[in-house]
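K.L.:
Input: one structure, supplied below.
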Amino acid sequence: MVLTGRTPRRHRLAIVTAFTCAVALGAAGCTGADNDGFRPGAADAGDPYVPGRGNGGYDVTHYGLDVRYDPTADRLTGRAAITATATQDLSRFNLDLAGLDVGAVTVDQARAEHRRDASELVVTPRDRLPRGRQFTVVVDYQGVPSAVTDGALGSGGFLHTDDGAIALGQPDSAATWFPVNDHPSDKASYDIAVTVPDGLAALSNGVPGPRSSADGWTTWRWSERTPMASYLSTLVIGNYRVVDGNHAGRPIVTAVAASLPATGGAAGSLARTGEIADFLASRFGPYPFDSYGGIAVADDRISYALETQSRPVYGPAFFTDDRPNPGVVTHELAHQWFGDSVSLSRWGDIWLNEGFASYAEWLWEEHDGGRTAQRNFELQYAVTDWSQPSVEPGRERMFGTAVYKRGALAVHALRRTVGDDTFFRILRTWTTERAGGNATTADFVALAERVSNRQLRPLLDAWLVGGTAPTLP
């Protein structure tokens, strides 16, 4: 993610479930086991940055979403088919779902009991689910979707627009338009079908599928087969100029809001998506997904750009005065490796996303004839507040300078210390070995030490969390 107005920017739930229930006995989902060992899944992933988000007791492998949206009534109707595996002997489980009305719920085609508890959908299957059992939950739901407003993090969720809607946001958005295990530690593949009035585009993640029309409505289909964190899903509906093409043997889909200039800064920047992705692949390793793309929206409430998987979304403020901005495209495309393919296990390690994406901006600027990465490093070092850590920055500073820019400083300090050959080998090994999964800062330090055959923890500690300016390498 990159925010305007500020300086830019597989551990599984079985693990955090055990942690959550150990420290929060008596909380919903942690009420103890029955005599035969079956117990409710935890109603929280145990991540203090997103209290109440995520759930335990199961691991989702696939979401099949079929939604219909009527912009004139701002009404969404949906069916979600969720395939998961129980990670414990499970008597009931929760899904995150905000503000929508639930009709029927089935588990393996048998009617299941369900109730709402604020933004939780609590499901009790007819037959209990033993550990290791794969099961499919189908939820029918409808209603007027809601936005998510957070004074520190901005607005997101499902936003009704003049010509459609935008579902977007970090760390919250997915639960406003489908039932979900809403934490990045539980990644899954997606098939998404979106039905909208004829003439509107309905854009989402992954490879485009066939479109079909009937009775004044068009269904757009998308498929993201590589595991995706829920906050990286998106749905953009409205009047857009959609360009379909092919790049490096994969589909590339870009879209620019019809109200933005056809040859302006946003369109010109998105047109460089393939070029920039190829440059990043030369540094980070092969591009990790089956499609490329980007979406430029015109809604001023979107004051950020977000790395929605395979198809980042860019707010209008990045193209003020109709100027191109390849830097923001570089940042969000770098996230396809750092944050999307290799995802967080917990939000306190968000520098692993933003520090590397910010550093990618320095690499691109140098490649594109601007300042060198070294010069950007020197300039940022001179103005850094070393009292603010990159790791565990606190929820209020998740998108602060320490996460983005101090994180980038740590990346360049690592490069200066181990040399270019070893540095880029570390990055390519990280993106290869961890592809499609989750990781922590400790995982990165361990891998960097293994690849370099050097002790790097003191160096990275000094640059990421030390309270005073570290010695320049």
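K.L.:
³J(HN,Hα) across the range 255-260 via Karplus (A = 6.51, B = -1.76, C = 1.60, θ = phi - 60°), whole Hz, x for Gly/Pro?
P.N.:
Result, rounded to whole Hz: 8, 10, 3, 4, 7, 8.
K.L.:
Further question: Gln134 to Glu433: extension gain in nm, 0.36 nm per residue of separation minus the Cα-Cα distance?
P.N.:
Using 0.36 nm per residue and subtracting the Cα-Cα distance, I get 105.0 nm.
K.L.:
Starting from the coordinates of the alpha-carbon atoms of the range 50-152, obtain the Kirkwood hydrodynamic radius over all distinct pairs and give the value in Å to one decimal.
P.N.:
14.5
K.L.:
Give me the Kirkwood hydrodynamic radius of the range 68-121, using the inverse of the mean 1/r over all pairs of distinct Cα atoms, in Å to one decimal.
P.N.:
13.2
K.L.:
How much net charge surrounds Tyr287 when only the other residues with a Cβ under 10 Å from the Cβ of Tyr287 are counted, with Lys and Arg +1 and Asp and Glu -1?
P.N.:
Once all neighbours under 10 Å are counted, the net charge is -1.
K.L.:
How big, on average over all directions, is the shadow cast by the Cα convex hull of the chain, in nm²? It would help to have the intermediate numbers written out before the result.
P.N.:
Working: hull surface 87.8 nm².
Average of the hull's projected areas for the chain equals 22.0 nm².
K.L.:
Could you work out the relative contact order of the range 153-223? I mean the mean sequence separation of Cα pairs under 8 Å and 6+ apart, divided by the number of residues, in percent.
P.N.:
Computed over the range 153-223, the figure is 23 percent.
K.L.:
Can you tell me the relative contact order of the range 326-392? Whole percent, Cα pairs under 8 Å, sequence separation 6 or more.
P.N.:
33
K.L.:
What is the spin-label model distance, in nm, from Ala81 to Thr372 if the labels are put 7 Å beyond Cα along the C-beta direction?
P.N.:
Going from the Ala81 label point to the Thr372 one covers 5.7 nm.
K.L.:
State the three equivalent ellipsoid semi-axes of the range 297-432, derived from the C-alpha gyration tensor as the square roots of 5 times its eigenvalues, in descending order and whole Å.
P.N.:
Semi-axes (√(5λ), whole Å): 23, 18, 17.
K.L.:
Rounded to the nearest 20 Debye, what is the dipole magnitude of the range 171-222 about its Cα centre when Lys and Arg each give +1 and Asp and Glu each give -1 at the C-beta?
P.N.:
Here the size comes out at about 180 debye.
K.L.:
Here is a further query. Could you tell me the center-to-center distance, by alpha carbons, between the range 137-186 and the range 382-430 in angstrom?
P.N.:
30
K.L.:
Relative contact order (percent) for the range 182-243, with alpha-carbon contacts under 8 angstrom and 6 or more residues of separation?
P.N.:
44
K.L.:
So, counting K/R as plus one and D/E as minus one, what does the shell of residues with Cβ under 12 Å around Asn205 add up to?
P.N.:
Charge balance in the 12 Å sphere: -2.
K.L.:
Here's another thing I want to ask about it. To the nearest 20 debye, what charge dipole does the chain have about its Cα centre, counting +1 at the Cβ of each Lys and Arg and -1 at the Cβ of each Asp and Glu?
P.N.:
920
K.L.:
For the range 105-122, just list the computed ³J(HN,Hα) in residue order, Karplus coefficients 6.51, -1.76 and 1.60, θ = phi - 60°, integers in Hz, with x standing in for Gly and Pro.
P.N.:
So the J values, rounded to whole Hz, are 10, 10, 10, 6, 6, 9, 4, 10, 6, 8, 8, 9, 9, 6, 8, 10, 9, 9.
K.L.:
If you don't mind, there's one more thing I want to ask. Classify the range 198-272: rounded, prolate or oblate, from the alpha-carbon gyration tensor (a ≥ b ≥ c, eigenvalue square roots; a/c under 1.5 rounded; otherwise prolate if a/b is larger than b/c)?
P.N.:
Oblate, since a/c reaches 1.5 and b/c is not below a/b.
K.L.:
Per residue of the chain, what 222 nm ellipticity follows from adding -39500 (n - 2.57) for every DSSP H run with n ≥ 4, rounded to the nearest 500?
P.N.:
-7000 deg cm²/dmol
K.L.:
Choose one of Ala193, Phe319, Ala334: the residue whose Cα lies farthest towards the positive end of the charge dipole of the chain (beta-carbon charges +1 Lys, Arg; -1 Asp, Glu; about the Cα centre).
P.N.:
Ala334
K.L.:
Within the range 51-67, name every residue whose backbone N is under 19 Å away from a label modeled 7 Å from Cα of Thr124 along the Cβ vector.
P.N.:
The answer is 56-58.
K.L.:
Also: So for the pair Asn246, Arg425, with labels modelled 7 Å out along Cα→Cβ, what separation do we get in nm?
P.N.:
Distance between the two pseudo-spin positions: 3.7 nm.
K.L.:
Only four residue types carry charge here, +1 at the Cβ of Lys and Arg and -1 at the Cβ of Asp and Glu. Report the dipole size of the range 349-447 about the Cα centre in Debye, rounded to the nearest 20.
P.N.:
100
Just so you know, all these numbers are worked out from the coordinates, no wet-lab data involved. Everything quoted here is computed from the prediction, not taken from an experiment. All Cβ positions, even for glycine, are placed from backbone atoms using ideal geometry, and neighbour counts span all protein chains on display.
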